[in-house]
Structure formats: C-alpha cells, structure tokens
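Novice: I'd like to ask some things about the structure below.
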C-alpha cells in the first residue's frame, strides 16, 4: 500500500518585488500551516520520506509541518521537479519514488496538486487551497504502478479556523 500526502504551500505574499520562487509566506499562510500540521501530527502517521519544491513558500510550509511532526530532517529532500504548476513533472517524480518508501509527504503548488488529487484520487476537489492537505492511498506495491487510488483525507484550513 502506498500513501501520498500532498500539502499545497501556505498563502504567499505578493507585496515584495521578488522572483516567484522567492515569494514568502504571509502571516495567514504561517498560521494555516500550523493549523493543518497540528491535525496531521495528532494522526500519528508514520511518514517514510518528505519532499518539497525549492520555492521559498513551499520550503517554509514544509519546515512548519516537519517541526510540528518532530520529523527527522535527514529524511527530507528538496527537488526542482516539484516546482511544477501543471502536475506533469510532479506526477513523474512521484512515480519514480523508491518503492521502499510507502508513505511520502510532498509540499508543492497548484494547479499541480489539484490536478494530481483529481487524477489519482476518487473524490473531485474543485481547488486545493493554500495549506490544504490531500491524502491519497493506492493498493499498489510500486509507485510506478499507481493509477486511481482512494482519497483518504481532505483537510483544509477553512475547516479548522475558529
């Protein structure tokens, strides 16, 4: 069984004159990442490895999540394959993951993550919002074999705000 947990980066700021890859998180993005990561932490899911886009907003979101999960950073890797907005590069990357890894946590971008959630999951999602999490399960032993799986969980910050 393979588990893919997708987390879209937190809400980013457009108030700085920086390249797209360097855009930081807004305060709301930081707060929402804490909200969702706290719920994920309570679920005690054993994550074999985590990957992130090199974009500042994705990396910052990943750091918030991984710290909340008390995650070992030696099982974390940054890859430019996840700095993808269509989803094609990200899906290709996922399908080439080492089969020894059963549960992976991936930080990246939209439209890619909405596309992946809808292509590989069995629940239609109109839009994965910032800091949104989608957990997909596949009854496969190999990442290269994953096709349509089951959408196990959808967790969006809006559901958690009080």
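No lab work stands behind these numbers, since they all come straight from the coordinates. A quick note: this is a predicted structure, and the numbers were derived from the prediction, not measured. Reconstructed Cβ throughout: ideal geometry from the backbone, glycine too, with neighbour counts over all protein chains shown.
Novice: Just one of (1) 2, 8, 16, 18, 17, 14, 11, 7, 5, 2, 0, 0; (2) 1, 9, 18, 22, 20, 14, 8, 5, 2, 1, 0; (3) 2, 10, 20, 24, 23, 15, 5, 2, 0, 0 is P(r) over Cα pairs in 5 Å bins from 0, in percent calculated from these coordinates, so which is it?
Specialist: Read-out taken from this structure: (3).
Novice: May I pose another question? By count of other Cβ within 10 Å, fewest leading, how are 148, 26, 95 ordered?
Specialist: Ranking 148, 26, 95 by Cβ neighbours within 10 Å, fewest first, gives 148, 95, 26.
Novice: Only Cα pairs under 8 Å and at least 6 apart count here; give the relative contact order of the chain as a rounded whole percent.
Specialist: It rounds to 32 percent for the chain.
Novice: State the extension gain, in nm to one decimal, for the chain segment bounded by residue 79 and residue 31, taking 0.36 nm per residue of separation less the distance between their alpha-carbons.
Specialist: Values: separation 48, 0.36 × 48 = 17.28 nm, distance 2.48 nm.
In short, 14.8 nm is gained.
Novice: At 37 °C and 0.692 mPa s, what whole-number value in µm²/s does Stokes-Einstein give for the translational diffusion of the range 111-158, with Rh from the Kirkwood sum over Cα pairs?
Specialist: Working: Rh = 11.0 Å.
My calculation gives 297 µm²/s for D.
Novice: With labels modelled as points extended 7 Å from the Cα through the Cβ direction, what inter-label distance (nm, one decimal) is found for residue 127 paired with residue 15?
Specialist: About 2.2 nm separates the two model spin labels.
Novice: Out of all DSSP beta bridges with both ends in the chain, state the antiparallel percent to the nearest 5.
Specialist: On the way: 12 of 25 bridges.
Beta bridges within the chain, antiparallel portion: roughly 50 percent.
Novice: Right, another one. Would you calculate a helix-derived [θ] at 222 nm for the chain, using -39,500 (n - 2.57) for each DSSP H run of n ≥ 4 and dividing by the full residue count, to the nearest 500?
Specialist: After summing the helix terms and dividing by the residues of the chain, the value is -9000 deg cm²/dmol.
Novice: Taking the simple approach of a point 7 Å from Cα along Cα-to-Cβ for both residue 92 and residue 141, what is their distance in nm?
Specialist: Spacing of the two 7 Å Cα→Cβ label points: 2.8 nm.
Novice: How much length is gained on full extension from residue 150 to residue 45, taking 0.36 nm per residue of separation minus their Cα-Cα distance?
Specialist: On the way: separation 105, 0.36 × 105 = 37.80 nm, distance 1.67 nm.
Length gained, residue 150 through residue 45: 36.1 nm.
Novice: At 7 Å along Cα-to-Cβ for each site, give me the label-to-label distance between residue 99 and residue 119 in nm.
Specialist: 2.2 nm
Novice: Let me ask something else. Only counting other Cβ atoms within 10 Å, I'd like 36, 154 sorted with the fewest neighbours first.
Specialist: 154, 36
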